[in-house]
Amino acid sequence: MADFGGADAFAEEVRKELAAMYPPELKDPNAKTDYEAVWGGRAFAGSSDPQIVWMKRMAQKGWTAPTWPKEYGGGGLTPAEARVLDRELAAGKYRQPLASFGVWMLGPVLLEYATEEQKKEHLPKIIGGEIRWCQGYSEPGAGSDLAGLQTRCEDKGDHYLINGQKVWTSYANEADWIFCLVRTDTKVKHEGISFILFDMASPGVETRPIKLISGSSPFCETFFTDVKVPKENLVGKLNGGWEIAKRLLMYERQNISSSGFGGGGGALPVEEIAKHYVGVENDKLANGDLRARIAAHKMYDRAFGLTVKRVQDMAKAGEAVGHLASVFKVGAATLNQEKTELVLEALGNRALGWSGDGFSKPEIAATRAWLRAKGNSIEGGTTEVNLNVVAKRVLGLRDHQ
Ligand SMILES: Cc1cc2nc3c(=O)[nH]c(=O)nc-3n(C[C@H](O)[C@H](O)[C@H](O)COP(=O)(O)OP(=O)(O)OC[C@H]3O[C@@H](n4cnc5c(N)ncnc54)[C@H](O)[C@@H]3O)c2cc1C
């Protein structure tokens, strides 16, 4: 893509390819499909649901991981080409083909730290949506202080043996494999951690879903009892997992900020919801105070979105984003919580519904989204902890003595 002519030609080609691949059933924005998002994995194998068909077609072109190398099944696109693809997907209002911890978090660290065999084994299955991954980081005594983790991984000669417990493991009960932080040396803290991959179908793995105040169960307690793991599943060096763990967290925070948290209180823009429930006077939202706060929110949201885009472009062009990911993680959490609050305020007493026929589906969804958003300032590292990272690593401030 050497010049603008090249870019235009590429955009035209992408537009045609996307249109040809998109199942006609999905063109109707109100189309009913089985899944809100396709997370891939063994559970979807053989499904002919149009969303799965769409995911598979995109995967075949490598466009579920557009910039990853072609040799592993990725799209092999340059950062500029990947931006064109993003733009065309947004302009055509295409559904996201694949939601995936593998694409967002694990793949990038495998590309950097894994052996050639590990890359060949795992990357194509991530790109193809064949294997769904979960993240085994947090433990009952190790959340913000992640390096305090205690899940033991012992060298048993021809395999590793894992015993311990993780918690808040998102979708552990639906995932096929886990990327997991384990303790391989008990005498040191950060230098005694390793990064390992294993199959959730291994004997000794048990998951128990945890129910949230929003009514959903997006995560689990995860138990490991004498889980045997092949030695070739260790990524990077033994006891060298902390560096990989931190790198993956950056990708996680980067991804959260660029995709937002989703489900922020309704499909309609907040001002439309407010107009509907609060009313309109002289073409303006009837409540002036709410109008001013929604306007301020929208301006912040727009400025934030543009800043994230700029930094994403920097990242795609190979510039290190590093700890800026923490700035964006905090911003995205704050914005989504603010938005769900505003929606709730606009709904007034219509936000009191939880279930039943007295309230519409969007009203109930908005209330639940507000409750779900409470977790936004915790997941992916709490706001307090991310602000500490910003203070120390971005602003260079010293610890309070
Ligand atoms: C929706 C959701 C999904 C999640 N998914 C996953 C997942 O898939 N895999 C996974 O491994 N984990 C997951 N988590 C767990 C998440 O990473 C942890 O909850 C988070 O890191 C905080 O740890 P904690 O819950 O143990 O809280 P704690 O670390 O105990 O923190 C409690 C409070 O103390 C504050 N605090 C702690 N240390 C400091 C400090 N140094 N300075 C200032 N304040 C501090 C925190 O900000 C917080 O307010 C998920 C969490 C949520 C909410």
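Some notes on this structure:
- Within the range 89-134, being of a type in the set (A, V, I, L, M, F, W, C), over 16 Å from Val38 (Cβ atoms) and assigned to a helix (DSSP H, G or I) holds for Ala90, Ala91, Met105, Leu106, Val109, Leu110, Leu111, Leu123.
- The residue pairs whose first member lies in the range 378-400 and is without any contact (Cβ under 8 Å) to a residue 24 or more places away in the chain, whose second member is loosely packed, with under 14 Cβ neighbours inside 10 Å and in a loop (DSSP other than H, G, I, E, B), and whose beta carbons are closer than 7 Å, counting only pairs six or more residues apart or on different chains, are Ala391/Leu397.
- Candidates in the range 330-353 are the residues that are without any contact (Cβ under 8 Å) to a residue 40 or more places away in the chain and surrounded by fewer than 17 Cβ atoms within 10 Å (Cβ to Cβ); of these, the one that is farthest from the ligand (Cβ to nearest atom) is Asn349.
- Residue list for the range 62-88, filter: surrounded by fewer than 18 Cβ atoms within 10 Å (Cβ to Cβ), more than 21 Å from the chain's Cα centre (by Cα), touching a residue at least 24 places away in the same chain (Cβ under 8 Å) and part of a helix (DSSP H, G or I): Ala80
- Qualifying positions in the range 135-155 - assigned to a strand (DSSP E or B) and crowded, with 20+ Cβ neighbours inside 10 Å: Gln135, Gly136, Glu139, Cys153
- Total residues in the range 97-119 satisfying the condition of being open to solvent by 20 Å² or more (accessible area, probe 1.4 Å), touching an Asp or Glu at 6+ places or on another chain (Cβ under 9 Å) and within 16 Å of the ligand (Cβ to nearest atom): the figure is 2.
- Scan the range 236-265 for residues that are on the phi > 0 side of the Ramachandran plot and either open to solvent by 40 Å² or more (accessible area, probe 1.4 Å) or at pLDDT 95 or above (or both) and the total you get is 4.
- All positions within the range 175-186 that are part of a loop (DSSP other than H, G, I, E, B) and within 11 Å of the ligand (Cβ to nearest atom): Ala175
- Positions within the range 358-400 being among the aliphatic types (A, V, I, L, M), within 12 Å of the ligand (Cβ to nearest atom) and within 27 Å of Ser214 (Cβ to Cβ), in sequence order: Leu371, Ala373, Ile378, Val385, Leu387
- His122 meets all of the listed conditions (1) over 25 Å from Phe10 (Cβ atoms); (2) open to solvent by 10 Å² or more (accessible area, probe 1.4 Å); (3) within 19 Å of the chain's Cα centre (by Cα); (4) within 16 Å of the ligand (Cβ to nearest atom) but one, namely (4).
- If you check Ser214, Ser194, Ser202 for being out of contact with any His (no Cβ under 7 Å at 6 or more places or on another chain) and either of a type in the set (A, V, I, L, M, F, W, C) or within 11 Å of the ligand (Cβ to nearest atom) (or both), only one passes: Ser214.
- Considered as a group, the residues in the range 23-43 that are modelled with pLDDT of 85 or more and open to solvent by less than 90 Å² (accessible area, probe 1.4 Å) include one that is farthest from the chain's Cα centre (by Cα), and that residue is Pro23.
- Search result, residues across the range 197-236 that are within 22 Å of Thr184 (Cα to Cα) and among the small types (Gly, Ala, Ser): Ser202, Gly204, Gly236
- Single residue of the range 156-174 satisfying the filter (among the aliphatic types (A, V, I, L, M) and within 9 Å of the ligand (Cβ to nearest atom)) that is surrounded by the most Cβ atoms within 10 Å (Cβ to Cβ): Ala172
- In the range 125-152, the residues that are among the aromatic types (Phe, Trp, Tyr) and more than 7 Å from the ligand (Cβ to nearest atom): Trp133
- Of the strands (runs of 3 or more DSSP E) entirely within the range 187-235, those holding at least 1 residues that are in contact (Cβ under 8 Å) with a residue 24 or more places away in the chain and open to solvent by 70 Å² or more (accessible area, probe 1.4 Å) occupy 205-210, 219-230.
- Counted residues, the range 161-192 - those being within 19 Å of Gly40 (Cβ to Cβ) and either in contact with a Cys (Cβ under 7 Å, 6 or more places away or on another chain) or aromatic (Phe, Trp, Tyr) (or both): 9
- Conditions (1) touching a residue at least 60 places away in the same chain (Cβ under 8 Å); (2) closer than 29 Å to Trp242 by Cβ; (3) not aliphatic (A, V, I, L, M): number failed by Glu116: (1)
The values are calculated or read from the model by the stated rules, or taken from the named source; none is laboratory data. The shown structure was predicted, so the numbers you read here are calculated from the model rather than taken from an experiment. Reconstructed Cβ throughout: ideal geometry from the backbone, glycine too, with neighbour counts over all protein chains shown. Areas reflect the complete protein model, heavy atoms only, side chains present, ligands, DNA and RNA absent. Shrake-Rupley method; radii C 1.70, N 1.55, O 1.52, S 1.80 Å.
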